[in-house]
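Working notes, beginning with the structure itself.
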Amino acid sequence: MPARIDLLGVPVDCVDMGQALDFLIDHAAHGTGCATVFAVNPEKIMRARRDETLRALLSSATLLIPDGIGAVLAARILGLGRFGRVPGSELMPNLCERAAARGFSVFLFGARPEVNDEAAAALLRRFPGLEIAGRQHGYIDDADMPALVERINASGAAILFAALGSPRQEAWMNRHAPALRVKVAQGVGGTLDVIAGRVNRAPPLFLALNLEWLYRLLREPRRIWRQRALAAFAWAVVRERVRGKGR
Ligand code: UDP
């Protein structure tokens with residue numbers, strides 16, 4: 001189990017991509033129960049600082065991946081640990097690749113119906129050996145959830161990807177994990193949209209400079225409201241650092 005640190009009052013696990021993959025594939029092969037994987041980024045940390053329910057939800061995860069560069073840099077600046085970024089949108093295809101090699105099947109739950117279809121087709125093109133045991137788009141009623149859980153279990157899938165947005169997907173996984181027979185459940189947010197080619201990731205230069213957030217801001221200026229959380233996060237890190245030095 002990777003070490004869990006407390007980043008501004010919110011838990012994050014010190015893992016890199018390789019460790020996360022090894023841990024999850026090993027759990028899929030030998031583990032008991034459903035290991036849940038949630039992503040942690042500055043926006044979620046700032047929300048969780050104010051929202052005790054979200055904090056408890058995050059703490060319940062088996063693995064909390066440092067999704068963005070913000071969490072990685074903050075942990076470094078505060079002397080809490082050195083680890084790399086584990087973007088959920090990269091962990092998911094990496095898991096699919098390993099699942100295909102090891103014969104674990106996957107279930108895709110979430111996103112709009114056409115996005116779910118296109119993402120499945122794109123994944124099969126990319127990983128021809130992948131078995132998609134079942135799929136369900138993300139716009140169904142709460143009343144249909146017990147039947148969905150039964151369908152996921154009957155599919156024999158080892159890995160479930162839940163793409164309902166945050167914190168909806170985390171709440172869903174937390175609630176249904178005890179009844180799920182899948183060994184791993186990852187909350188993947190808008191990743192199916194990316195895989196389906198509906199949302200472009202930033203060009204390589206932006207990615208290499210850890211400036212994906214800037215690219216997304218330039219493309220969708222409305223995101224400025226979301227990016228405000230990033231500024232608040234940076235400020236909270238600086239304050240914590242200054243306070244730590246004073247101690
Ligand atoms: N979504 C869904 N059901 C819902 C609400 C959202 O399946 O009731 C999907 C939506 O279609 C999209 C994803 O959840 O594919 C949310 O993506 P977003 O980028 O908003 O999530 P984030 O990564 O920011 O948590």
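The values are calculated or read from the model by the stated rules, or taken from the named source; none is laboratory data. These numbers were taken from a predicted model, which means no experiment stands behind them. Heads up, the Cβs are rebuilt from the backbone with ideal geometry, glycines too, and the neighbour counts pull from every protein chain shown. For accessibility, only protein heavy atoms count, side chains too; no ligands or nucleic acids. Shrake-Rupley method; radii C 1.70, N 1.55, O 1.52, S 1.80 Å.
On a full-extension model of 0.36 nm per residue, what is the gain between Leu218 and Arg175, subtracting their alpha-carbon distance, rounded to one decimal in nm?
Extending this stretch completely gives an extra 11.8 nm.
Can you tell me what share of the DSSP beta bridges in the chain is antiparallel? A percent to the nearest 5 is fine.
Percent antiparallel among DSSP bridges in the chain is about 15.
Summing +1 for each Lys or Arg and -1 for each Asp or Glu, what net charge is found among the other residues whose Cβ lies under 9 Å from the Cβ of Asp67?
Once positives and negatives cancel, what remains is +2.
In degrees from 0 to 90, rounded to the nearest 10, what is the angle of the helix 17-30 Cα long axis to the longest principal axis of the chain?
Approximately 40 degrees, to the nearest ten.
So what's the back-of-envelope 222 nm ellipticity for the chain, counting only DSSP H runs of four-plus at -39500 (n - 2.57) apiece and dividing by all residues, rounded to 500?
The per-residue figure over the chain is -16000 deg cm²/dmol.
For the chain, set up a Gaussian network in which alpha carbons nearer than 10 Å are linked by springs, and say which option among Arg228, Arg98, Arg112 fluctuates the most.
Of Arg228, Arg98, Arg112, the most mobile in the Gaussian network model is Arg228.
With the radius of gyration and the Kirkwood radius both derived from the Cα set of the range 114-187, what is their ratio Rg to Rh?
Rounded to two decimals, Rg over Rh is 0.95.
Could you work out the local net charge near Tyr215, counting Lys and Arg as +1, Asp and Glu as -1, over the other residues with Cβ closer than 15 Å to its Cβ?
My count for the surroundings of Tyr215 gives +4.
Can you check what the Kirkwood hydrodynamic radius comes to for the range 156-199, Cα pairs only, in Å to one decimal?
10.9
With point charges of +1 on the Cβ of Lys and Arg and -1 on the Cβ of Asp and Glu, referenced to the Cα centre of the range 43-200, which listed residue (Leu123, Ser89, Gly138) lies farthest in the positive direction of the dipole?
Ser89
Hey, can you find the accessible area per residue of the chain for me, probe 1.4 Å, expressed in square angstrom?
49
What's the magnitude of the charge dipole for the chain around its Cα centre, counting Lys and Arg as +1 and Asp and Glu as -1 at the beta-carbon? Answer in Debye, nearest 20.
Computed charge dipole of the chain: roughly 1060 debye.
Kirkwood hydrodynamic radius (Cα pairs, Å) of the range 1-127?
Answer for the range 1-127: a Kirkwood hydrodynamic radius of 15.7 Å.
If the elastic network links every pair of Cα atoms under 10 Å, which of Pro87, Pro113, Pro203 fluctuates the most in the Gaussian network model of the chain?
Most flexible of the set in this elastic network: Pro203.
For Lys44, Lys183, write out the residues from largest to smallest accessible area, computed with a 1.4 angstrom probe and no ligands counted.
Lys183, Lys44
Sorted from largest down, give the three principal axis spans of the alpha carbons of the range 1-71, whole angstrom values.
Computed over the Cα atoms, the extents are 37, 24, 16 Å.
Tell me, Kirkwood radius of the range 176-247 from alpha-carbon pair distances, in Å?
Every distinct Cα pair counted, the radius reaches 15.7 Å.
At 0.36 nm per residue, minus the direct Cα-Cα distance, what do Ile140 and Glu52 gain on full extension? Give it in nm, one decimal, please.
Result for the pair: 29.0 nm of gain on full extension.
What residue among Leu214, Leu54, Leu160 shows peak mean-square fluctuation when the chain is described by a Gaussian network model with Cα springs under 10 Å?
Top of the fluctuation ranking is Leu214.
Choose one of Pro42, Asn200, His27: the residue whose Cα lies farthest towards the positive end of the charge dipole of the chain (beta-carbon charges +1 Lys, Arg; -1 Asp, Glu; about the Cα centre).
Pro42
Suppose R0 equals 35 Å. What FRET efficiency, 1/(1 + (r/R0)^6) with r the Cβ-Cβ distance, do Leu124 and Arg4 give to the nearest 0.05?
0.50
Describe numerically, in nm with one decimal, the distance between label points set 7 Å from Cα along Cα→Cβ at Ala231 and at Glu131.
Each label point is offset 7 Å from its Cα along the Cβ direction, giving 5.2 nm.
Can you check what the net charge comes to around Pro167, using other residues whose Cβ is under 12 Å from the Cβ of Pro167 (Lys, Arg +1; Asp, Glu -1)?
Net charge around Pro167: +2.
Whenever you get a sec, compute what percent of the accessible area on the chain sits on carbon and sulfur atoms (1.4 Å probe).
Of the solvent-accessible surface of the chain, carbon and sulfur hold 53 percent.
Could you bin all the Cα-Cα distances of the chain into 10 Å bins starting at 0 and give me the percent of pairs in each, rounded to whole numbers?
7, 31, 37, 20, 4, 1
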